[in-house]
Every structure is written in C-alpha cells, then in structure tokens.
Amino acid sequence: MYDEPTDDPSEQASDPAKRAKEKADELRLHAELFAVFEGVRKFDAAIVPGLDPELARTIQRTMAKLAKAKTPELPVLPDTVAEDAGKLLGMWKADNLTTNDYHIHRRPGEVMIVRWLEGEQVNTFYERFQAHFEVGFGDFRDEERQSLEWKKDEQSLKYLDALDKIEVKMSDVYLRDAIKTLPVFVLSDYTVDEMSIAHLVDYVMGVPAIEVVGKAASPPDAPTDQDLTWFFKLFSLRGSAAGVEQMCFFTFLQKSDDSF
C-alpha cells in the first residue's frame, strides 16, 4: 500500500520527535484501514453489491459537502451541516440497509463502498483500531531499536526515546468523548493516490478482488503494478443519535488507468 521510505540523510537529521510522530501517524492510518475493512474476515460482515446508484451519489455528494464545510485540520463539523451529517449517519435505517456490512455500487473503473456502524459495533471498531495500532507501532519501535540503538549517536537515541514516549488513544484522537457528550459530528478523511487493490482486498479484507471491484476491473492472474493500482479515498463520519454512537465510512476507489 505504501512505499517504504529510503534512507535519506536529511530525514535522519530531522527533529527526532517529529520523525517519531510522523511514523505514529502513518501507522495509525494503517490501523484504521484494517479496522474499517476487516469486517468480512472478523465479524461476519457481508459484501452487498447493488447499492442504489442514486443513494450512492447522494452519499458521495453529502460527504463532499461536509468535507468542504469543515475547517482545514479541524475535524469537527460546523452547525450549518449538522443536519446533513445526522441524516447521513441514519440513512441506513431510512433505506432499509444493514449496519456492519459493505454496501457497494460499481461503475466502470470506479467503486463506492459504504459501511455503517452503530452502538456496540462502534465499541468493537475502537477496540480493534487500538489493538491494530499497538501491535503495529510496537513492532516498528522494536525494529527501530534493534536497527539504531547500537550506533549510540545523539539523534538516534533521541528518536528512540521519542518513540518510547508516544502513547496514542484512538478514542481521544477521534474525539469520541466529545461525540458522546456534546454532541458533535466529526469527519476525517485520507487519500492514497496509488493503492494496491490486492493489499486492500486480499490482505485486509480477505476476499477475491472480483467481489469488490467486479469482473471487468479485477486484476488478471499475472497482474502488473499498473493492473493493481487504484486511487483510494476514505471518509469517516462519526456522531451520535439519542445517545447511541454511529459511524459511516464512505470509500471511493478509481482505477488508475484509462482502460474504462
């Protein structure tokens, strides 16, 4: 999914605390990807194709409206779009859809995936999110210590110390207390310009690509890097209704070639 960084003297000389935080942020996004998309492997979630095209477009337009309304670097949505956010979080009820499952709408070379969570499902999501991060970050921290500690240079030791001091609570990062008590609506998103579809479907979801992207867009048996490359954007909308936490994940995937 991501290219491993190469050794760069300028990066090695950068602020150790900043380097440590940047790596923690990267691994947090990895952890979120797993928590969002592992439902088929872990929690009996189903892939449900045939999401109504008009509903898919409505969700896409609403997410874009919410993203445009929020202040950059501030995920809390303004009151002006709170009604839209609330409707989107509860849209599964209005349209008789299921929570937990992955509802999919396909167009040539494009895929939209919508997943709603509610109540205890949200609790499970945060537990898994935290666990994925702790395992991934813990492994990375151990590998960095084995790789760098022997050098005994000041920058490396400061960097390792900064890694040791990092503690990330996903409920804090994703403003869970504010969502439950104020309440507010929160939207975050991230983009990967070139994601391997094999990483997402085979490794994270544990399903054949055809189940997600359809037959026409599935990579061939001996795929090239280009065959596997897709643009990926994930929106995460969080809020609550009548004291019950809700989440809506909207994913847009687009094939990164002109074959469609």
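The values are calculated or read from the model by the stated rules, or taken from the named source; none is laboratory data. Just so you know, these numbers come straight off a predicted model, no measurement behind them. Don't worry about glycine lacking a Cβ; one is built from the backbone with ideal geometry, like all the others, and counts go over all protein chains shown.
Of all residues being surrounded by fewer than 15 Cβ atoms within 10 Å (Cβ to Cβ) and of a type in the set (S, T, N, Q) in region 172-195, which is modelled with the lowest pLDDT? Just the residue, please.
Applying the filter and picking the extreme gives 181.
For region 10-28, which positions are surrounded by fewer than 17 Cβ atoms within 10 Å (Cβ to Cβ) and not small (Gly, Ala, Ser)?
Across region 10-28, the qualifying residues are 11, 12, 15, 18, 21, 22, 25, 26.
Quick test for you: out of 9, 75, 5, pick the one residue that is touching a Ser or Thr at 6+ places or on another chain (Cβ under 6 Å), modelled with pLDDT under 95 and not small (Gly, Ala, Ser).
75
Hey, residue 106 hits all of (1) under 23 Å from residue 129 (Cβ atoms); (2) charged (D, E, K, R); (3) not in a helix (DSSP H, G or I) but one; which does it fall short on?
(1)
Just a yes or no: is a residue in region 122-140 under 28 Å from residue 85 (Cα atoms), at pLDDT 95 or above, among the aliphatic types (A, V, I, L, M) and in contact with an Asp or Glu (Cβ under 8 Å, 6 or more places away or on another chain)?
Yes, because at least one residue in region 122-140 is under 28 Å from residue 85 (Cα atoms), at pLDDT 95 or above, among the aliphatic types (A, V, I, L, M) and in contact with an Asp or Glu (Cβ under 8 Å, 6 or more places away or on another chain).
Test residue 88 against the stated conditions and say whether it is in a helix (DSSP H, G or I), in contact (Cβ under 8 Å) with a residue 24 or more places away in the chain, among the aliphatic types (A, V, I, L, M) and at negative phi.
Against the criterion (in a helix (DSSP H, G or I), in contact (Cβ under 8 Å) with a residue 24 or more places away in the chain, among the aliphatic types (A, V, I, L, M) and at negative phi), residue 88 qualifies.
May I ask you to say which residue of 80, 62, 99 is surrounded by fewer than 16 Cβ atoms within 10 Å (Cβ to Cβ) and either in a helix (DSSP H, G or I) or modelled with pLDDT of 95 or more (or both)? Even if it seems obvious, please write down each step before you answer.
Values: 62 fails: surrounded by fewer than 16 Cβ atoms within 10 Å (Cβ to Cβ); 99 fails: surrounded by fewer than 16 Cβ atoms within 10 Å (Cβ to Cβ).
So the residue among 80, 62, 99 that is surrounded by fewer than 16 Cβ atoms within 10 Å (Cβ to Cβ) and either in a helix (DSSP H, G or I) or modelled with pLDDT of 95 or more (or both) is 80.
Anything in region 116-134 that is in contact with a strand residue (DSSP E or B) (Cβ under 8 Å, 6 or more places away or on another chain), surrounded by 15 or more Cβ atoms within 10 Å (Cβ to Cβ) and over 15 Å from residue 42 (Cα atoms)? List them, or say none.
Residues satisfying the conditions are 116, 118.
List pairs: first in region 143-165 and more than 18 Å from residue 27 (Cα to Cα) and without any contact (Cβ under 8 Å) to a residue 60 or more places away in the chain, second surrounded by 11 or more Cβ atoms within 10 Å (Cβ to Cβ) and of a type in the set (Ser, Thr, Tyr), Cβ under 6 Å, 6+ apart or cross-chain?
148/156
Looking only at region 33-54, how many residues end up being buried (at least 19 other Cβ atoms within 10 Å of the Cβ) and touching a His at 6+ places or on another chain (Cβ under 8 Å)?
3
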